[in-house]
Amino acid sequence: MKKVSRKAPYVHPGRRRSRKARILIAQDQSGSVSNEMTAQIFSTLDELKNVNQVFDWVAFDYDVVQSSLTEIKRGREHEWNREASGGTNFQAVIDFVNSEENRGRWEAVIIATDGECSR
């Protein structure tokens, strides 16, 4: 996108701005997610790191592991670890994203899960 110059509109091209969406990836690490699935998710996140410049990653099971919240940047190596192994609660991620300290921090949330969850 380019901003129109005020001093010389449509004569000079103006500034070019690049915008990247800030994304949170919440990874389900409940007991139903096997180590093979976790390894597949980690390899996918390594590929995503090369596409998007910056994204945040957090682990969750029945609750969000806030100490695992990490900013992942392109070109930097990250050691992926399994942080949790309880039940699955998607509402915990929604409450975490909508909390007062995190509201408006991310434009998108991706939940990487096997889809198994109790009501």
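The values are calculated or read from the model by the stated rules, or taken from the named source; none is laboratory data. Just so it is clear, the structure is predicted and the values come from calculations on it, not from any experiment. Glycine also receives a Cβ, built like all others from the backbone with ideal geometry; neighbour counts cover every protein chain displayed. In case anyone asks, the SASA skips ligands and DNA or RNA and just uses the protein heavy atoms, side chains included. Shrake-Rupley method; radii C 1.70, N 1.55, O 1.52, S 1.80 Å.
If you go through segment 36-88 and pick out every residue that is surrounded by fewer than 17 Cβ atoms within 10 Å (Cβ to Cβ) and touching a helix residue (DSSP H, G or I) at 6+ places or on another chain (Cβ under 7 Å), you end up with 4.
Which members of segment 65-76 meet the condition of being closer than 18 Å to LEU48 by Cα and either under 16 Å from the mean Cα position of the chain (by Cα) or of a type in the set (Lys, Arg) (or both)? LEU69, THR70, GLU71, ILE72, LYS73, ARG74, ARG76 - these are the residues of segment 65-76 that are closer than 18 Å to LEU48 by Cα and either under 16 Å from the mean Cα position of the chain (by Cα) or of a type in the set (Lys, Arg) (or both). Which of the residues that make up segment 72-98 are at pLDDT 85 or above, of a type in the set (S, T, N, Q) and under 21 Å from VAL33 (Cα atoms)? If the condition is that a residue be at pLDDT 85 or above, of a type in the set (S, T, N, Q) and under 21 Å from VAL33 (Cα atoms), then THR88, ASN89, GLN91 are the ones that fit.
Against the conditions (1) within 30 Å of LYS3 (Cβ to Cβ); (2) touching a residue at least 40 places away in the same chain (Cβ under 8 Å); (3) open to solvent by less than 30 Å² (accessible area, probe 1.4 Å); (4) not small (Gly, Ala, Ser), where does ARG22 fall short? Just the number, please. The number of the failed condition is (3).
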